[in-house]
Amino acid sequence: MKTVAVIVQEGFAPFEFGLACEAFGLDRSDDGIPNFDFRIVTPEPGAVRANMAFSINVEHDLTFADEADLVVVTPIPRRSWRTVDRRVIDVVRRAAARGAWVLSVCSGSFVMAAAGVLDGRRATTHWKYADEMQAMYPAIEVDPDVLYVQDGRLITSAGTAAGLDACLHLLRQELGAELANKIARRMVVPPQRDGGQAQFIDKPLPEVQSLSLAPVTDWMLENIRLELTVDQLAAKAHMSPRTFARRFKADFGATPAAWLARQRIIHAQRLLEKTDLGLDRVAYESGFGSAAVLRQNFARVLGITPTAYRARFACTDSMTDAAAEASVLEIVA
């Protein structure tokens, strides 16, 4: 992915527009991250009003979007859902037809739906608008409970910050886990929120710091190669298994098993990128047990084999500190 076009229309949402610019438009070459040819486009170049009391000046029409590797569709106001600009619809259709990435943030999914590219597919949008989207487009399987959905090269995301999760998810596929994590660190956001995580988390912050589950999740990551049970984790948290499972789901929007499985995939990605360990060793270090189980999880979550992932994203210049550390662990073991 080298070229990115972000489509804005009258009444666009500044925050969601800004996160697309932050994810794909910022120069991070000093961190070894490749830059994209990034342009903001609109049907009629000139002043484009936001849904607040200001406008931005957009220089480019939609022409660039017809050659972009990624087309990002930012949210549009509710009044426009049934009257989406035909020119934007056509651009989205052509992008999907030629196999480009198309990513929507929040109600931008209504543009993709209007273009017909989501018919027969699973998609999401902000939970507040999910029922309306399902009623307007019954051919789409609308999932209101997740942060984002990828179906082929089409990605739809829920409201606000979930759009950033979707962008990082795409960057992880295009640049690899290590560079995507660098971008997340620069943004000071967590790099690992999975698309299946719930949109609504009951307790985003614990009321009392001593009740935080952070020490437990830190311990889980430190012992990721082990088989961890809810009973073990509950004991660490000084809770009953039932209370722990309920609290974990409320705080993280995922079950302990689902959260840990995602962390194991991310750890395996890093090892494949930064070390020359064999697949059996990568599987062991990541808690998958065997190369066969690692392959199954990679295929299910990432749609690619570990070997193909390493061929695409491995750092080939020299063995990194992580590789050296893994080698020492192997000798000690």
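The values are calculated or read from the model by the stated rules, or taken from the named source; none is laboratory data. Quick caveat: nothing in here was measured; it's all calculated off a predicted structure. In this analysis, Cβ positions are derived from the backbone assuming ideal geometry, glycine residues included, and neighbour counts consider all displayed protein chains. Accessible surface is based on the protein model in full, side chains and every heavy atom, while ligands, DNA and RNA are left aside. Shrake-Rupley method; radii C 1.70, N 1.55, O 1.52, S 1.80 Å.
Looking at region 231-254, which of its residues are open to solvent by 60 Å² or more (accessible area, probe 1.4 Å) and either modelled with pLDDT under 90 or not in a loop (DSSP other than H, G, I, E, B) (or both)?
The first filter runs over region 231-254 and keeps only residues open to solvent by 60 Å² or more (accessible area, probe 1.4 Å), leaving 231-232, 235-236, 238, 242, 246, 249.
Listed by number, the residues that qualify are 231, 232, 235, 236, 242, 246, 249.
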Requested in this report: Quick one: count up the residues across region 5-57 that are assigned to a loop (DSSP other than H, G, I, E, B), open to solvent by 70 Å² or more (accessible area, probe 1.4 Å) and of a type in the set (A, V, I, L, M, F, W, C).
Outcome: 4
Query - The listed residue being in contact (Cβ under 8 Å) with a residue 40 or more places away in the chain, surrounded by fewer than 16 Cβ atoms within 10 Å (Cβ to Cβ), closer than 29 Å to residue 281 by Cβ and of a type outside the set (A, V, I, L, M, F, W, C), out of 222, 227 - result: 227
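Could you please let me know if residue 63 is open to solvent by 20 Å² or more (accessible area, probe 1.4 Å), of a type in the set (Ser, Thr, Tyr) and assigned to a loop (DSSP other than H, G, I, E, B)?
Numbers: open to solvent by 20 Å² or more (accessible area, probe 1.4 Å): yes; of a type in the set (Ser, Thr, Tyr): yes; assigned to a loop (DSSP other than H, G, I, E, B): no.
For residue 63, the condition - open to solvent by 20 Å² or more (accessible area, probe 1.4 Å), of a type in the set (Ser, Thr, Tyr) and assigned to a loop (DSSP other than H, G, I, E, B) - is not met.
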Report summary line: Those residues of region 292-308 which are farther than 17 Å from residue 263 by Cα and part of a helix (DSSP H, G or I) amount to 292, 307, 308
Requested in this report: Would you tally the residues in region 126-171 being among the aliphatic types (A, V, I, L, M) and within 15 Å of the chain's Cα centre (by Cα)?
Outcome: 13
**Report entry** Matching residues, region 100-135, being assigned to a strand (DSSP E or B) and crowded, with 24+ Cβ neighbours inside 10 Å
**Finding:** 102, 103, 104, 123
Query raised in the report: Taking region 136-180 as the region of interest, how many residues are aliphatic (A, V, I, L, M), assigned to a loop (DSSP other than H, G, I, E, B) and buried (at least 20 other Cβ atoms within 10 Å of the Cβ)?
Result: 4
Query raised in the report: Of everything in region 66-99 that's surrounded by 24 or more Cβ atoms within 10 Å (Cβ to Cβ) and assigned to a loop (DSSP other than H, G, I, E, B), which residue is nearest to the chain's Cα centre (by Cα)?
Result: 74
Requested in this report: Please give the number of the condition residue 328 fails out of (1) open to solvent by less than 70 Å² (accessible area, probe 1.4 Å); (2) hydrophobic (A, V, I, L, M, F, W, C); (3) modelled with pLDDT under 90.
Outcome: (1)
